[in-house]
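> Let me begin by handing over the structure; questions about it come next.
Nothing in this text is a laboratory measurement; each read-out follows from the coordinates by a stated rule. This one's a predicted model, so the numbers in the text were calculated from it and none came from an experiment. Heads up, the Cβs are rebuilt from the backbone with ideal geometry, glycines too, and the neighbour counts pull from every protein chain shown.
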Amino acid sequence: MYIRKFLKKITVGFYFIQRVIIQHFCKAWLNTILFLYNVPHGNVKTGGGIFRIRISRKGVLKIGDNVNFANKWEVGYPLKSYIRIKGSGVLTIGNNVGINSSLIFCDNSITIGNHVHIGGGCKVFDNDFHNMNYMDRRDPVLNGLTKTSPVVIEDDVFIGTSSIICKGVTIGARSIVAAGSVVTKSIPHDEMWGGNPAKFIKKINIQ
Ligand SMILES: CC(C)(COP(=O)(O)OP(=O)(O)OC[C@H]1O[C@@H](n2cnc3c(N)ncnc32)[C@H](O)[C@@H]1OP(=O)(O)O)[C@@H](O)C(=O)NCCC(=O)NCCS
């Protein structure tokens, strides 16, 4: 009994030390990448593995203060966060934002407000990746000419785990997207939506 408790303490301690070391290393790495890409940013956090960022020559990324890009974290386990900016895409992330092991792929414009929570394993796109015309899809160049439309996620939005936010969508302030939703239409402020495609569930934050 005593030995089991002792070994458990050692294991927990080992995990803790491992996590602290990895977190510091990943944060230093993230700051280096942001410096190399010349990204304006405040305090950022990450951990649980190298956080991937790829920005095209004309792409723009702006990150606010106190932004946490969790990797392999709790609900998001074992996924990592990845930001990809293509062409002249502009991705703006506000202050006090938490993005848990999610993918943001920007080819036009994605704006994330302040105090936004994006749950583990979400995907946010402002484009369709492939051409809608099957003949054009056969051509590698034309295939890449895809429809794009800006995405806006307003302040205090909470997006549940494994949700997909499609192009052209605005999610109004303080609204909630239920877990596993596919959002294809804009959501007004102070509402909960869910499902595939996401539909109105209820009004929230009514005083
Ligand atoms: C959205 C959520 C917060 C709603 O919780 P709630 O306010 O307690 O809502 P309820 O459970 O009372 O459900 C209200 C209605 O929404 C529906 N609903 C709840 N979750 C849903 C979902 N994921 N998809 C579709 N519909 C959903 C319920 O079936 C219910 O429908 P009904 O009124 O027809 O019976 C919760 O269901 C959820 O998705 N939690 C996951 C949180 C998460 O992913 N966190 C991220 C961690 S990284």
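> Among the chymotrypsin sites (Phe, Trp or Tyr not before Pro) in segment 37-142, which ones are in a DSSP loop with at most 16 other Cβ atoms within 10 Å of the Cβ? Mind listing them?
For chymotrypsin sites (Phe, Trp or Tyr not before Pro) across segment 37-142 that sit outside H, G, I, E and B with at most 16 neighbouring Cβ atoms in 10 Å, the list reads Tyr37, Phe129.
> Where the centre of each part is set by its Cα atoms, how far does segment 47-82 sit from segment 7-25, in angstrom?
22 Å
> Evaluate 2.2 N^0.38 Å with N set to the residue count of segment 129-207, then give the Cα radius of gyration divided by it.
It is 1.33.
> Also, I was wondering about something else. Given charges of +1 on the Cβ of Lys and Arg and -1 on the Cβ of Asp and Glu, with all other atoms neutral, how large is the dipole of segment 61-193 about its Cα centre, in debye to the nearest 20?
In total the dipole reaches around 460 debye.
> Which of Cys106, Val67, Gly195 sits farthest toward the positive end of the charge dipole of the chain, with +1 on the Cβ of Lys and Arg and -1 on the Cβ of Asp and Glu?
Highest projection toward the positive end goes to Val67.
> Take the Cα radius of gyration of the chain and divide it by 2.2 N^0.38 Å, with N its residue count; two decimals is plenty.
So the Cα radius of gyration is 1.14 times the expected 2.2 N^0.38 Å.
> Here's a follow-up. Quick query: amide H of Ile110 versus all other amide H atoms, modeled in the peptide plane; which residues come in under 5 Å with a sequence gap of 5 or more or a different chain?
Placed amide hydrogens put Val90, Leu91, Thr92, Val151 under 5 Å from Ile110.
> So how do Thr170, Thr46 line up by other beta-carbon neighbours within 10 Å, fewest first?
Ascending number of Cβ neighbours within 10 Å: Thr170, Thr46.
> Something else: May I have the extent of the alpha carbons of segment 1-115 along their three principal axes, as whole Å values ordered from largest to smallest?
Here the spans come out as 61, 25, 21 Å, largest first.
> Nearest 10 degrees is fine. How inclined is helix 2-36 to the longest principal axis of the chain, computing both from alpha carbons?
40 degrees
> For Asn95, what residues show an amide H to amide H distance below 5 Å, using hydrogens built from the backbone and excluding near sequence neighbours?
The answer is Asp65, Asn114, His115.
> Could you give me the ³J(HN,Hα) list for segment 177-194, computed from phi with Karplus coefficients 6.51, -1.76, 1.60 and θ = phi - 60°, whole Hz, x at Gly and Pro?
Calculated HN-Hα couplings, in order: 9, 5, 4, x, 8, 10, 8, 10, 10, 5, 10, x, 6, 6, 10, 9, 10, x Hz.
> Can you list the trypsin sites (Lys or Arg not before Pro) in segment 1-77 that are in a DSSP coil and have 13 or fewer other beta carbons within 10 angstrom?
Answer by residue number: Arg57, Lys58.
> Next question. Please report, in whole Å, how far the alpha carbons of segment 165-207 spread along each principal axis, starting with the longest.
Rounded to whole Å, the extents work out to 31, 17, 12 Å.
> Which cross-chain or sequence-distant (5 or more) residues have an amide H under 5 Å from the amide H of Arg54, H modelled 1.01 Å from N in plane?
Ile83, Arg84, Ile85
> I'd like the trypsin sites (Lys or Arg not before Pro) in segment 132-179 restricted to DSSP loop residues with at most 13 other Cβ atoms within 10 Å, sorted by number.
Listed in order of number, the matching sites are Arg138.
> Still on this model: Please give the calculated 222 nm ellipticity per residue for the chain, where each DSSP H segment of at least 4 residues contributes -39500 (n - 2.57) and the sum is spread over every residue; nearest 500 deg cm²/dmol?
-6500 deg cm²/dmol
> DSSP beta bridges in the chain, what fraction antiparallel, as a percent rounded to 5?
Of those bridges, close to 10 percent are antiparallel.
> Excluding residues fewer than 8 places away in the same chain, name every one of the lysines whose C-alpha is closer than 21 Å to that of Lys199.
Lys123, Lys167, Lys185
> Next up: Say the dipole of the chain comes from +1 at the beta carbon of Lys and Arg and -1 at that of Asp and Glu; which of Val169, His115, Gly49 then lies farthest toward its positive end?
Final value for the positive-end residue is Gly49.
> Using only the alpha carbon atoms of segment 1-60, find the Kirkwood hydrodynamic radius as the inverse mean reciprocal pair distance, in angstroms to one decimal.
Hydrodynamic radius (Kirkwood, Cα only) of segment 1-60 equals 13.9 Å.
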